[in-house]
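Structure record follows, encoded as structure tokens.
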Amino acid sequence: MEDPIFDRAKKKLRKVERITLVASGKGGVGKSILAASLALTSANRGYRTGLLDLDIHGPSIPNIFGFNDELVAGKEGLIPPVVNGLKLMSLGLMVGGNPVPLKGESKRSALSFLLAMTEWGDLDHLVIDMPPGTGDETLFCLRALRNMDNAGAIVITTPSSLSRSVVARLIGLLREEGMRIYGLVENMAYIKCCGETLRPFGSIDDDFLSRYGLRILASLPIDLSIEERIKKGRFSELPGDFRYQMEKLLDELVGVG
Amino acid sequence: MHEWSLAEAILEAIIPIVKHESAGRVSEVEIVYGEMMELELDILRFALEELSKGTPLEGSRFMFREEKASFRCNSCGYKWDFEQAHDTLPEDLGIREGTSGDRESPIHFIPDLAQALMRCPSCGSRDFEVESGRGLRIYKVVLEG
């Protein structure tokens with residue numbers, strides 16, 4: 001018999017109109033910022049949007065939004081706080097500054113409860129900030145979303161050769177497990193300086209894209225003002241270039257249907 | 001209060017079995033739950049009875065069996081139980097019940113967070129195994145008709 005908690009988790013995911021996984025092969029490529037920005041843009045456009053932080057070991061979504069209030073529970077479970085018009089959920093809201101050294105079955109069980117016990121209400125769009133790599137959390141998520149045609153992934157990487165080689169492994173896993181990949185987001189692609197546009201990590205070449213049958217959905221700049229905005233609790237005021245790219249990315253997702 | 005949500009999950013898992021087996025009703029259900037879940041059985045039983053009205057589980061006998069939690073440290077080999085584990089949990093973390101205003105431990109909602117929030121009572125390591133006492137499973141369903 002199926003685990004009733006996991007079964008409930010799957011049912012809750014099935015009820016969401018659109019689920020977008022934001023995944024990366026390695027850490028430090030800007031995955032959480034992309035997930036948070038995309039969710040924010042979606043909420044600003046009027047979609048009922050949730051942002052789920054599945055990065056167990058490094059939950060950072062509450063920090064990005066500067067949210068550290070006490071979590072509230074209702075009759076059905078955990079009520080996601082609404083911040084900047086979107087609903088947030090993260091283990092970070094429950095563990096404070098404690099490390100989360102979960103492994104194996106404990107990790108899968110914790111994720112199952114988190115998904116099953118969160119009261120999202122009706123959602124048009126759920127953005128999931130995935131942990132980096134191809135470990136337990138990624139496998140769990142792929143299992144929970146198996147055969148659901150409302151879900152797809154955006155893979156984020158920097159243009160560096162190291163990042164690309166790691167992301168290729170993730171793309172392989174997503175494909176093998178039947179997860180739709182909308183395309184790549186190239187982060188830290190360029191920086192504007194002294195009237196010039198510089199590409200410090202090079203470019204993702206066409207060979208790479210054609211080998212995996214993918215296209216670049218958005219190229220995001222290195223923008224130091226984002227860090228400043230987070231520090232000042234004003235992340236929701238996305239900088240111009242970034243906001244434009246997020247709008248474009250959301251258009252792409254909506255266009256896929 | 002998330003017992004209502006668990007009750008729904010249990011019923012949603014059993015009803016398809018009743019249909020699949022073309023049975024008329026369910027006379028007995030046995031549920032095994034981990035001690036780490038800190039379940040309030042009275043509420044869970046009441047929720048199951050209420051939510052099963054009008055379904056093949058109406059009038060069913062719901063039985064519960066607790067699986068005790070046990071832990072083993074990978075660093076020093078010490079073994080301990082949930083009562084001892086509870087003493088090591090931080091008291092400053094809680095989730096507020098919207099209806100009563102009471103504060104509950106996060107492990108009431110996500111039992112495995114106990115593993116994130118506690119340490120070996122002997123050596124203080126966070127590297128330990130949960131040997132038993134997590135999760136919830138439907139152990140037995142007796143069908144009739």
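The values are calculated or read from the model by the stated rules, or taken from the named source; none is laboratory data. Fair warning: this is a prediction, and the values are worked out from it, not measured in the lab. Counting neighbours? That spans all protein chains shown, and the Cβs are built from the backbone with ideal geometry, glycine included. Note: areas computed on protein heavy atoms with side chains; ligands, DNA, RNA excluded. Shrake-Rupley method; radii C 1.70, N 1.55, O 1.52, S 1.80 Å.
Below, the figures for the structure above:
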| read-out | value |
| --- | --- |
| Interface burial for B against A (accessible surface, 1.4 Å probe, total of both chains, Å², rounded to 100) | 3200 |
| Inter-site label distance for B:Tyr139 and B:Ile17 at 7 Å from Cα along Cβ, in nm | 1.3 |
| Accessible area (Å², per residue) of chain A, counting only protein heavy atoms and a probe of 1.4 Å | 40 |
| Accessible area, probe 1.4 Å, largest first, for residues A:Tyr47, A:Tyr182 | A:Tyr47, A:Tyr182 |
| Gaussian network model of chain A, Cα within-10 Å springs - most flexible of A:Leu224, A:Leu173, A:Leu184 | A:Leu224 |
| Segment B:Arg96-B:Ser70, extension gain: residue separation times 0.36 nm, minus the distance between their alpha carbons | 6.6 nm |
| Antiparallel %, DSSP beta bridges [both residues in chain B], to 5 | 70 |
| Helix axis angle, B:41-51 relative to chain B longest principal axis, alpha carbon, degrees | 30 |
| Length-normalised contact order for region A:111-191 - Cα pairs under 8 Å, 6+ apart - percent | 31 |
| Accessible area in square angstrom per residue, region B:7-46, 1.4 angstrom probe | 42 |
| DSSP bridge pairs, region A:40-185: antiparallel proportion in percent, nearest 5 | 20 |
| Taking region B:1-79 and dividing mean pair separation by its residue count, relative contact order in percent (alpha carbons under 8 Å, at least six apart) | 39 |
| Prolate/oblate/rounded call for the protein assembly as shown, Cα gyration tensor, a/c under 1.5 rounded | prolate |
| Cα point-scatterer Debye curve for region B:31-145, base-10 log of I(q)/I(0) at q = 0.13, 0.19 Å⁻¹ | -0.62, -1.01 |
| Separation of the A:Leu214 and A:Asp122 label points, Cα + 7 Å toward Cβ, nm | 3.5 |
| Computed [θ] at 222 nm, helices only, for chain B once each DSSP H run of length n ≥ 4 contributes -39500 (n - 2.57) | -8000 deg cm²/dmol |
| Shielding by other protein chains, A:101-113, mean Cβ within 10 Å | 6 |
| Length released on extending from A:Glu176 to A:Cys194, taking residue separation times 0.36 nm less the Cα-Cα span | 2.0 nm |
| For B:6-17, mean number of other protein chain Cβ atoms within 10 Å | 4 |
| B:Lys53 versus B:Ser27: modelled label distance in nm, points set 7 Å from Cα along the beta carbon direction | 2.5 |
| Farthest toward positive dipole pole in the protein assembly as shown [+1 Lys/Arg, -1 Asp/Glu at C-beta], among A:Leu238, B:Ser100, A:Asn84 | A:Leu238 |
| For region A:128-190, fraction of C-alpha pairs farther apart than 17 Å, in % | 37 |
| Mean residue ellipticity (222 nm) of chain A, computed from DSSP H runs ≥ 4 via -39,500 (n - 2.57), nearest 500 | -12000 deg cm²/dmol |
| Percent antiparallel among DSSP beta bridges (both partners in the protein assembly as shown, rounded to 5) | 40 |
| Length released on extending from A:Lys248 to A:Asp149, taking residue separation times 0.36 nm less the Cα-Cα span | 33.4 nm |
| Occluded residues from region A:48-90, i.e. those whose accessible area drops by 10 Å² or more once the chain is not alone (1.4 Å probe) | A:Glu70, A:Leu71, A:Val72, A:Ala73, A:Gly74, A:Lys75, A:Glu76, A:Gly77, A:Leu78 |
| Threshold 30 Å², region A:1-26 residues less accessible with all protein chains present than alone (1.4 Å probe) | A:Met1, A:Pro4, A:Ile5, A:Arg8, A:Lys11 |
| Degrees separating the helix A:104-117 axis from the principal Cα axis of chain A, which is the longest one | 80 |
| Low-density loop cleavage sites - GluC sites (Glu not before Pro) in region B:26-110, where at most 15 other Cβ are within 10 Å (DSSP) | B:Glu40, B:Glu58, B:Glu91 |
| Rel. contact order, % - alpha carbon contacts under 8 angstrom, at least six apart, chain A | 25 |
| Crossing angle, helix B:3-20 versus chain B [Cα axis fit, 0-90 degrees, rounded to tens] | 50 |
